[in-house]
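Student: Please see the structure below; I have some questions.
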Amino acid sequence: MSFLIFTLTIESINKEFIGEVIYTGGTELHCSSFTLYNKEGHKLYSILNPAATAFYVSDSGVVFATNETKLFLYGLDGNIEEILPLDYPNGFGFSPDNTLFFVSDRNGIYGFTISGKLRYQFTPGRLFASTEMGKRVCVVSNDTLSFYEEGRLKFIRLVESPYIRAINFSSDGNLVQVKMAGDSLFYDFETGEVIEER
């Protein structure tokens, strides 16, 4: 049986921090180490056989890490804190300004500050998008769009097709683009009305 070594490099968006993940194994890969470096290449810490299997490096060097059942926060000193149990996690990502980290599972979508404090919790959904600082969030659940502002539900809209492929906010946060198989719908975030169809 052959033994594999696979290395994955993850950069923060501002390129100030680099995470190196080493996976090893035969037929199944196992996460054998995670190491965080600064942009000069100096090692900040290394963790052998971490419980996490996926890692998300923030612009401040704080790392959110997940496995199938937990969300962890890695501090700049390598200190590990478990911050949320997960039930079938399915989506992860930072807000555009890197101030919040979002994780979704079948119980909901959660928005955490970079210090690991829960700021928002939204209805479960398979897709989501946010503006800076998570001030506006849109969640897709089957054929339903839920629009949130400052963590509160603003309105719900139904879409004719449940086959939504992606959602995005415009750069000013005023429009939500809902991409489907052949076209896109554009929702005005203030009114929830479709203003353009392409």
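Student: Taking the Cα centre of region 43-198 as origin, sum charge times position over the Cβ atoms of Lys and Arg (+1) and Asp and Glu (-1), and report the length of that vector in debye to the nearest 20. Spell out each step's value before the answer.
Tutor: Working: 14 positive and 20 negative charges, 65 e Å.
Dipole magnitude for region 43-198 comes out near 320 debye.
Student: Can you tell me which of L29, L100, L175 moves the most in a GNM of the chain? Springs connect C-alpha atoms under 10 Å apart.
Tutor: So, out of L29, L100, L175, the one fluctuating most is L29.
Student: Could you work out which residue, out of G19, G182, G173, moves most in a Gaussian network model of the chain, that is, has the largest mean-square fluctuation with Cα springs under 10 Å?
Tutor: G182
Student: Next question. Provide the FRET efficiency to the nearest 0.05 for the T53-T9 pair, computing r from the beta carbons and using R0 = 25 Å. Each step should come with its number before you reach the end.
Tutor: Details: r = 16 Å, r/R0 = 0.63.
That gives a FRET efficiency of 0.95.
Student: In Å, what is the Rg of the alpha-carbon atoms in region 27-72, and how long is Dmax?
Tutor: 11.5, 35
Student: Just add up the charged neighbours of K43: K/R +1, D/E -1, any other residue whose Cβ is under 13 Å from the Cβ of K43.
Tutor: On the way: positive: K39; negative: E20, E40, D77.
Within the 13 Å Cβ shell, the charges total -2.
Student: Can you give me the long-range amide H partners of F155? Hydrogens built in the peptide plane at 1.01 Å from N, cutoff under 5 Å, separation of 5 or more residues or another chain.
Tutor: Sorted by chain and number, the residues that satisfy this are F147.
Student: Under a 1.4 Å probe, what is the accessible area of the chain per residue, stated in Å²?
Tutor: On the way: 10410 Å² over 198 residues.
Value for the chain: 53 Å² per residue.
Student: Pick out, from T144, G108, N174, the residue whose Cα sits farthest towards the positive end of the charge dipole of region 92-187, with +1 on the Cβ of Lys and Arg and -1 on the Cβ of Asp and Glu.
Tutor: It is G108.
Student: Right, another one. How high is the FRET efficiency from R119 to E40, r the C-beta distance, R0 25 Å, rounded to 0.05? List each step's numbers first, then the result.
Tutor: Working: r = 32 Å, r/R0 = 1.27.
The computed FRET efficiency comes out at 0.20.
Student: Identify, among S95, T131, F34, the residue whose Cα sits farthest towards the positive end of the charge dipole of the chain, taking +1 on the Cβ of Lys and Arg and -1 on the Cβ of Asp and Glu, with the dipole about the Cα centre.
Tutor: Positive-most Cα among the choices belongs to F34.
Student: Output the pairs from K43/K179; K39/K154; K43/K135; K15/K154; K39/K179; K15/K117 with a Cα-Cα distance over 30 Å in this structure; if there are none, say none.
Tutor: Details: K43/K179 41 Å; K39/K154 41 Å; K43/K135 35 Å; K15/K154 35 Å; K39/K179 36 Å; K15/K117 24 Å.
Long pairs (Cα-Cα over 30 Å): K43/K179; K39/K154; K43/K135; K15/K154; K39/K179.
Student: With charges set only on the Cβ (+1 for Lys and Arg, -1 for Asp and Glu), what does the dipole of region 28-77 come to about its Cα centre, in debye to the nearest 20? Write down the numbers at each step before the final one.
Tutor: Numbers: 3 positive and 5 negative charges, 14 e Å.
Its charge dipole is roughly 60 debye.
Student: Next up: Spelling out what I want: for every residue of region 26-40, take phi, set θ = phi - 60°, compute 6.51 cos²θ - 1.76 cosθ + 1.60 (Karplus), and round to whole Hz; glycine and proline get x.
Tutor: x, 6, 10, 7, 10, 6, 9, 6, 10, 10, 10, 10, 8, 5, 7
Student: A follow-up question, please. In 10 Å bins starting at zero, report the fraction of Cα pairs in region 1-154 per bin as a rounded %.
Tutor: Whole-percent P(r) values from 0 Å outward: 11, 38, 33, 15, 3, 0.
Student: Taking the Cα centre of region 1-112 as origin and charging only Cβ (+1 Lys, Arg; -1 Asp, Glu), how large is the dipole, in debye to the nearest 20? Don't skip to the answer; put the middle values down first.
Tutor: Values: 5 positive and 13 negative charges, 29 e Å.
Dipole size: approximately 140 debye.
Student: In whole percent, what relative contact order does the chain give with Cα contacts below 8 Å and a gap of six or more residues? Please report the intermediate quantities before stating the final value.
Tutor: On the way: 478 pairs, mean separation 17.2, N = 198.
Relative CO of the chain lands at 9 percent.
Student: A further question follows. Run the accessible area of the chain with a 1.4 Å probe and give the carbon-and-sulfur part as a rounded percent. Mind showing how you got there, number by number?
Tutor: Details: 5280 of 10410 Å².
With neighbouring chains kept in place, the figure for the chain is 51 percent.
The values are calculated or read from the model by the stated rules, or taken from the named source; none is laboratory data. The structure presented is a predicted model; accordingly, all values stated were derived computationally and were not measured. For neighbour counting, all protein chains shown are included, and Cβ atoms are generated from backbone atoms with ideal geometry for every residue, glycine included. These area figures cover heavy atoms from the full protein model, side chains too; ligands, DNA and RNA do not enter into them. Shrake-Rupley method; radii C 1.70, N 1.55, O 1.52, S 1.80 Å.
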